[in-house]
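What follows is a set of notes on a single structure, which appears directly below.
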Amino acid sequence: MTLLCLGYLYSPTKFKKRFEEPILKSNDDKALERLKNLISPFILRRVKKDVLTELPDKNITIMKNEMEKEQEKLYLSYLAQTKKEVAEELNENGFEKSKFKILMLLTRLRQICCHPSLFIDNYNGESGKLKQCIDIVLDAIEAGHKILLFSSYTSMFEIIEKELNKNNIEYFKLTGSTKVDKRLEMVEQFNKNESVKIFLISLKAGGTGLNLTGADVVIHYDPWWNISIENQATDRAYRIGQKNSVQVYKLITTNSIEEKINKLQEKKAELSEQLLSTEETFVNKLSKDEIMDLFEMD
């Protein structure tokens, strides 16, 4: 739109002053309405629930979990270390040049929430989230459901697989390294074979192009920055051909960066719903204050 209508939304500086700051920081309804009026002629929106009226219900549940004692000690230790590194990075390179490094540091905290052994060698403790996840899986299977389990960390699957094997649960696994013909074979088998109850799928590898309506339970093991990626993954089950209601579980660790990511997702999703009724990646749109708040304990 900016290429076709250069200057239509003003310069970046004026746009930020007229719209971005009033809407995001002050919840200015008048500024929001002005922006909606400006962009509405260029937007054609079709919502799945309106177009595909035959789809069953989809329920999304946030499932909170608490860290185990050793896990929490590690988290707090790394949180303090990360805050120190971030402060040094900002002093040396400034905010704009430090974003990538900051996000790398944040990844460590996210991994501890999933399971500290993702990057800490010889960690022999437990993970509150893993316990919760396995409980949900066992309950769902006992009730006759089939499950899609998404994670952004393929190494997390190795840990989950051990738990599934302990419980004699058959599963498939799909990651970015899975060949195309193997993917198609597993998808077909999962939808038809009642003995395979769970499909472990890398979030990025399984976001599009898969029809997995054999499942009616979706678990997002860890929150991703871009909620639209999560939604696309959920839609592997919630699509044409699905006859059952779909239950979606988002596993969130309390008093952690995951809660803050979830709050940011809700905030950004609400804004985009007001403007475009669609979600978009927001990590590069975060302000310095929003990023620094991720390192604070509530």
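Read-outs: derived from the displayed coordinates by stated rules, not from any lab. All figures in this text were calculated on a predicted structure; none of them were measured in a lab. Note: ideal-geometry Cβ built from the backbone for every residue, glycine included; neighbour counts use all protein chains shown.
Explain nothing, just compute: Karplus ³J(HN,Hα) = 6.51 cos²θ - 1.76 cosθ + 1.60, θ = phi - 60°, for every residue of the stretch 114-121 in order, whole Hz, x for Gly and Pro.
So the J values, rounded to whole Hz, are 6, 5, x, 5, 4, 9, 9, 5.
In straight Cα distance, which lysines are under 20 Å from Lys250, not counting same-chain residues fewer than 8 positions off?
Candidates past the 8-residue exclusion: Lys58, Lys64, Lys129, Lys131, Lys146, Lys173, Lys197, Lys204, Lys260, Lys263, Lys267, Lys268.
Are there trypsin sites (Lys or Arg not before Pro) in the stretch 175-268 that DSSP marks as loop and that have at most 10 other Cβ atoms within 10 Å, and which are they?
Working: sites: Lys179, Lys182, Arg183, Lys192, Lys197, Lys204, Arg236, Arg239, Lys243, Lys250, Lys260, Lys263, Lys267, Lys268; in loops: Lys179, Lys197, Lys204, Arg236, Arg239, Lys243.
Answer in residue order: Lys179, Lys243.
To the nearest 0.05, what FRET efficiency results for Ser11 and Asn191 with a Förster distance of 41 Å applied to their C-beta separation? Please list the in-between numbers first.
On the way: r = 52 Å, r/R0 = 1.26.
The computed FRET efficiency comes out at 0.20.
Taking R0 as 30 Å, what FRET efficiency do you get between Glu161 and Phe119 from their Cβ-Cβ distance, rounded to the nearest 0.05?
Details: r = 18 Å, r/R0 = 0.60.
Working from the Cβ atoms, E equals 0.95.
Ala80 to Glu20: extension gain in nm, 0.36 nm per residue of separation minus the Cα-Cα distance?
Contour length minus Cα-Cα distance gives 18.4 nm.
Work out the FRET efficiency for Arg239 and Ile60 from their Cβ-Cβ distance, taking R0 = 22 Å, and round it to the nearest 0.05. Could you put the intermediate results ahead of the total?
Details: r = 16 Å, r/R0 = 0.72.
After rounding to 0.05, the efficiency reads 0.90.
Relative to the present Cα-Cα distance, how much length would full extension add between Lys267 and Lys182 at 0.36 nm per residue of separation? If you can, show how the numbers build up before the last one.
Working: separation 85, 0.36 × 85 = 30.60 nm, distance 3.87 nm.
Using 0.36 nm per residue and subtracting the Cα-Cα distance, I get 26.7 nm.
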